[in-house]
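Visitor: My questions will all concern the structure given below.
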Amino acid sequence: MLFVVSTPIGNLKDITLRAIEVLKSVDLIAAEDTRHTAVLCREYGITAPLTSNFDHNEQGKAKHFLEQLKAGKNIALVSDAGTPGISDPGFRLIRLAHENGIPVTVIPGVCAAVAALTLSGLPSDEFVFKGFLPVKPGARRKRLQEVALAGGTVVFYESPHRIVKTLEDARELLGDPVLVVTRELTKKFEERLQGRASELVAHFTRHKPLGEFVLLISPTAVSIPSIK
């Protein structure tokens, strides 16, 4: 069986008892970064062998994992943090397992997008997850404009290197909406900030952006005369 296992996004205590049990019992753990997952394994006395499964080798290694699964092995799929397949490697192996009749089950747990939405205070009955915004400015601006067409709160991931530019684009394209930005969720310096895009730009101009960011926008706060 293939076990899709969610792991902590920061605080190592945010792991389920079932996840620990499964990671201890499988024959192999396919990890996005074995060095990162090794820290978790040491914390909980998990001794299953680790092997890498990241974006650039996933397609090739998926066939190897499939052979192991067909041979009766149990494999746990994990990413560095959160839930595999959610802006992390994993979906190719999951799809391949389904296509070949391999049983797949999920060990649910933490997801940064859901954690940020829960913390944000924005409407959560309907939301759209857009993953990481494109690196290229034109594509990023186009993706931001799509917020006006969304039916609920929109959730993005963003890097500390681009968060200011993304906020500047939101100010220009979306009518300086009120946004929520979270960073370093579950970690020592967890922070939630709310304000207009221009206010958040000013904040991060004064305070260097550090950590992993989730950006949330409610369409009710967006003011756009037209989208081109």
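Visitor: Tell me, which residue of region 12-58 that is more than 18 Å from the chain's Cα centre (by Cα) and acidic (Asp, Glu) is farthest from Leu185 (Cα to Cα)?
Guide: Filtering first and then ranking leaves Asp27.
Visitor: Could you tell me whether Glu212 is among the acidic types (Asp, Glu) and closer than 16 Å to Ala116 by Cα?
Guide: Taking the combined requirement at face value, the residue satisfies it.
Visitor: Does any residue in region 83-99 that is without any contact (Cβ under 8 Å) to a residue 24 or more places away in the chain come within less than 6 Å, Cβ to Cβ, of a residue that is of a type outside the set (D, E, K, R) six or more places away or on a different chain, and which pairs are these?
Guide: Pairs found: Phe91/Gly85.
Visitor: Before we move on, is His56 under 29 Å from Lys130 (Cα atoms), exposed (fewer than 13 other Cβ atoms within 10 Å of the Cβ) and either assigned by TED's automatic domain parsing to the domain that holds Lys130 or modelled with pLDDT under 95 (or both)?
Guide: The answer is yes for His56.
Visitor: Residues that are within 21 Å of Glu212 (Cβ to Cβ): find the helices (runs of 4 or more DSSP H) completely inside region 1-84 holding 3 or more of those. Walk me through how you get there before you give the answer.
Guide: On the way: elements: 17-25, 34-44, 58-70.
So the answer is 34-44.
Visitor: Being modelled with pLDDT of 95 or more and buried (at least 20 other Cβ atoms within 10 Å of the Cβ) is the filter; apply it to region 9-30 and report the residue that is farthest from Gly82 (Cα to Cα).
Guide: It comes out as Val26.
Visitor: Sticking with this one: Restricting to region 158-178, give me the number of residues that are touching a Phe, Trp or Tyr at 6+ places or on another chain (Cβ under 6 Å) and either at pLDDT below 95 or over 17 Å from Ala113 (Cβ atoms) (or both).
Guide: 1
Visitor: I'd like the full set of residues that are closer than 18 Å to Leu185 by Cβ and either outside the structural domain of Leu173 (by TED's automatic domain parsing) or surrounded by fewer than 18 Cβ atoms within 10 Å (Cβ to Cβ) (or both), limited to region 130-149.
Guide: Gly131, Phe132
Visitor: Also, I was wondering about something else. Being closer than 29 Å to Asp14 by Cβ and either of a type in the set (Asp, Glu) or at pLDDT 95 or above (or both) narrows it down to one residue among Val181, Val128; which is it?
Guide: Val181
Visitor: Hey, can you tell me all the residues within region 63-86 that are surrounded by fewer than 17 Cβ atoms within 10 Å (Cβ to Cβ) and at positive phi?
Guide: Gly72
Visitor: Further, regarding this structure: Does Ser6 qualify as being at negative phi, crowded, with 20+ Cβ neighbours inside 10 Å and either assigned by TED's automatic domain parsing to the domain that holds Glu190 or in contact with a strand residue (DSSP E or B) (Cβ under 7 Å, 6 or more places away or on another chain) (or both)?
Guide: So Ser6 passes the test.
Visitor: Are there any pairs, at least 6 apart or on different chains, whose C-beta atoms fall under 6 Å, with the first in region 17-32 and without any contact (Cβ under 8 Å) to a residue 40 or more places away in the chain and the second in a helix (DSSP H, G or I), and if so, which?
Guide: These pairs meet every condition: Ile20/Tyr44.
Visitor: Return the residues of region 31-53 that are over 21 Å from Arg18 (Cβ atoms) and loosely packed, with under 11 Cβ neighbours inside 10 Å; say none if nothing qualifies.
Guide: Selection gives Arg35 alone.
The values are calculated or read from the model by the stated rules, or taken from the named source; none is laboratory data. Because the structure is a prediction, the values reported are computed rather than measured. As a convention, Cβ positions derive from the backbone with ideal geometry for all residues, glycine included, and neighbour counts pool all protein chains shown.
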